[in-house]
Amino acid sequence: MSAEKSIEIVRDKQNPDRLLMMLLAAKGGYVSGEEISRRFGVSRSAVWKQINRLREIGYEIESSTRLGYRISKSSDLMLPEEIWSKSKLSFLGDRIYYYSTIDSTNTQAKKLGQQGVPHGTLVIADEQTGGKGRMGRSWLSPAREGIWISAILKPQLMPFDAPKLTILTAVAAAEAIRDKIGILAEIKWPNDILIEGKKVCGILTEMSAELDAVNFVVIGIGINVNNDFFPEEIRDKAISLKMAAGEMVSRADVTAGLLERLEYSYNVSMSQGFEPVFEKWRKLCRNLGKPVEIVAGRRIIEGIALNIDEQGALMIKKNNGEIERVLSGEVSLKYEK
Ligand code: ATP
């Protein structure tokens, strides 16, 4: 990928690549060339030119003088139109910044957040060269193997409530994975989704805030989808949807489902509070009721994970009987005994 020229596309849902939307809506069926030129008021040769432009970015398009054009194979790029044509969303993804390769979608989303892009804007990349985990760790994001996406949200929340969005996103990701491959993914507090005890998805929530108000929150989501193998360092603790399901999984399908789940949970939480989402989270979390060890800087907190409280903090019953609230910030749930 790195040898190829990087593609950057910025598009609003009201103003998509209409030809691509039309072809995608036909779901592999033919769209007549005449209809296309009529609809867009352009000549047949202009249509031909646009078709070739789509071919250049990897779409296989069959043409027949009698029937017109049909997509015989999608490009496998996570283009905005791929997401829009597969999902029903009211605000999330109204604007999408697509990059074939970028350092980090979260870094780019933070830049865009500072520039004042609309609530719900998404940054999607097919590859991250410097994908980020928490606390300066890195997130491996090879080209076209996973979903590397960041959402810029502007919720009416106090800064200390932002971790609730990580909880909400974890629920949406676990549900989207279950919807697509039928496997129950579990949440490891605070920000990972596991299958068979291995990490399939990580979430990185970052925020820009004043003392008493959130300017914007960036929620980064990385999902391993079609990876066949992982490098030595993470081989034992990483898994992809393909490894779990035993077959290739469409990244655009999973993304569409994830975004629908995310938007729905976000709307519910903003109108009714976070309790309905927390309720789902408690069922999906693998740590509750179990012994855990939390590393918070030099401190180690050992005990039983009891619950999450109304701010998304983990309540731990320590071995001495005391209950301690642990906020998700700079801590790791090191191991689960
Ligand atoms: P831990 O993995 O110790 O629970 P964490 O949940 O805080 O820590 P994150 O910051 O979410 O970890 O993710 C970064 C870590 O995840 C990296 O240090 C690496 O071990 C692992 N990792 C990196 N890339 C991937 C990937 N694509 N899939 C699964 N795990 C990965």
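Is it the case that Asp94 is more than 16 Å from the ligand (Cβ to nearest atom) and open to solvent by 20 Å² or more (accessible area, probe 1.4 Å)? So Asp94 fits the description; yes.
Considering the stretch 160-210, there are no qualifying strands (runs of 3 or more DSSP E) wholly inside with 2 or more residues that are in contact (Cβ under 8 Å) with a residue 24 or more places away in the chain, closer than 21 Å to Met315 by Cβ and hydroxyl-bearing (Ser, Thr, Tyr).
Just so you know, in the stretch 174-183 the residues that are surrounded by fewer than 24 Cβ atoms within 10 Å (Cβ to Cβ) and not charged (D, E, K, R) include one that is farthest from the ligand (Cβ to nearest atom), and it is Gly182.
For Leu288, the conditions (1) open to solvent by less than 50 Å² (accessible area, probe 1.4 Å); (2) touching a residue at least 24 places away in the same chain (Cβ under 8 Å); (3) in contact with a Lys or Arg (Cβ under 9 Å, 6 or more places away or on another chain) are fulfilled apart from (2). Just one residue in the set Arg70, Arg95, Arg66 is among the charged types (D, E, K, R) and in contact with a helix residue (DSSP H, G or I) (Cβ under 8 Å, 6 or more places away or on another chain); that residue is Arg70.
Among the residues of the stretch 118-132, is there at least one that is surrounded by fewer than 19 Cβ atoms within 10 Å (Cβ to Cβ) and within 16 Å of the ligand (Cβ to nearest atom)? Yes - at least one qualifying residue is present in the stretch 118-132. Screening Ile36 on (1) open to solvent by less than 40 Å² (accessible area, probe 1.4 Å); (2) outside the structural domain of Trp139 (by TED's automatic domain parsing); (3) in a strand (DSSP E or B) shows it passes everything except condition (3). Take residues that are closer than 26 Å to Val249 by Cβ and of a type in the set (Gly, Ala, Ser) and tell me which of the strands (runs of 3 or more DSSP E) falling wholly in the stretch 47-129 contain 1 or more. Once the strands (runs of 3 or more DSSP E) in the stretch 47-129 are filtered for at least 1 residues that are closer than 26 Å to Val249 by Cβ and of a type in the set (Gly, Ala, Ser), what remains is 68-73, 121-125.
Examine the stretch 153-166 for a residue that is within 15 Å of the ligand (Cβ to nearest atom) and more than 20 Å from His119 (Cα to Cα), and state whether such a residue exists. No.
Out of Val171, Val218, one residue alone is in contact with a Leu (Cβ under 9 Å, 6 or more places away or on another chain), of a type in the set (A, V, I, L, M) and within 16 Å of the ligand (Cβ to nearest atom). It is Val218.
Does the stretch 110-130 include one or more residues that are in contact with a Gly (Cβ under 7 Å, 6 or more places away or on another chain) and closer than 28 Å to Leu333 by Cα? No, that holds for no residue.
Please verify whether the stretch 242-260 includes one or more residues that are assigned to a loop (DSSP other than H, G, I, E, B), within 17 Å of Ser141 (Cα to Cα) and either within 16 Å of the ligand (Cβ to nearest atom) or in the same structural domain as Val326 (by TED's automatic domain parsing) (or both). Yes, the stretch 242-260 contains at least one residue that is assigned to a loop (DSSP other than H, G, I, E, B), within 17 Å of Ser141 (Cα to Cα) and either within 16 Å of the ligand (Cβ to nearest atom) or in the same structural domain as Val326 (by TED's automatic domain parsing) (or both). Can you tell me which residue is surrounded by the fewest Cβ atoms within 10 Å (Cβ to Cβ) among those in the stretch 184-195 that are modelled with pLDDT of 95 or more and in contact with a helix residue (DSSP H, G or I) (Cβ under 7 Å, 6 or more places away or on another chain)? Step by step, filter the stretch 184-195, then rank; the result is Glu186.
The test for being open to solvent by 100 Å² or more (accessible area, probe 1.4 Å) and either in the same structural domain as Ala252 (by TED's automatic domain parsing) or over 19 Å from Ile124 (Cα atoms) (or both) does not hold for Lys5. Taking the stretch 221-239 as the range and being away from the ligand (no atom under 11 Å from the Cβ) and either open to solvent by 50 Å² or more (accessible area, probe 1.4 Å) or over 17 Å from the mean Cα position of the chain (by Cα) (or both) as the test, the residues that pass are Asp228, Phe229, Glu232. The requirement of being exposed (fewer than 14 other Cβ atoms within 10 Å of the Cβ), part of a strand (DSSP E or B) and without any contact (Cβ under 8 Å) to a residue 40 or more places away in the chain is satisfied by Ile300. Could you say whether any residue in the stretch 136-145 is in contact with a Ser or Thr (Cβ under 6 Å, 6 or more places away or on another chain), not in a loop (DSSP other than H, G, I, E, B) and not charged (D, E, K, R)? There is no residue in the stretch 136-145 that is in contact with a Ser or Thr (Cβ under 6 Å, 6 or more places away or on another chain), not in a loop (DSSP other than H, G, I, E, B) and not charged (D, E, K, R).
The values are calculated or read from the model by the stated rules, or taken from the named source; none is laboratory data. All figures in this text were calculated on a predicted structure; none of them were measured in a lab. Positions of Cβ are generated from backbone atoms using ideal geometry, with glycine treated the same way; all protein chains shown enter the neighbour counts. Only protein heavy atoms, including side chains, enter the accessible area calculation; ligands, DNA and RNA are left aside. Shrake-Rupley method; radii C 1.70, N 1.55, O 1.52, S 1.80 Å.
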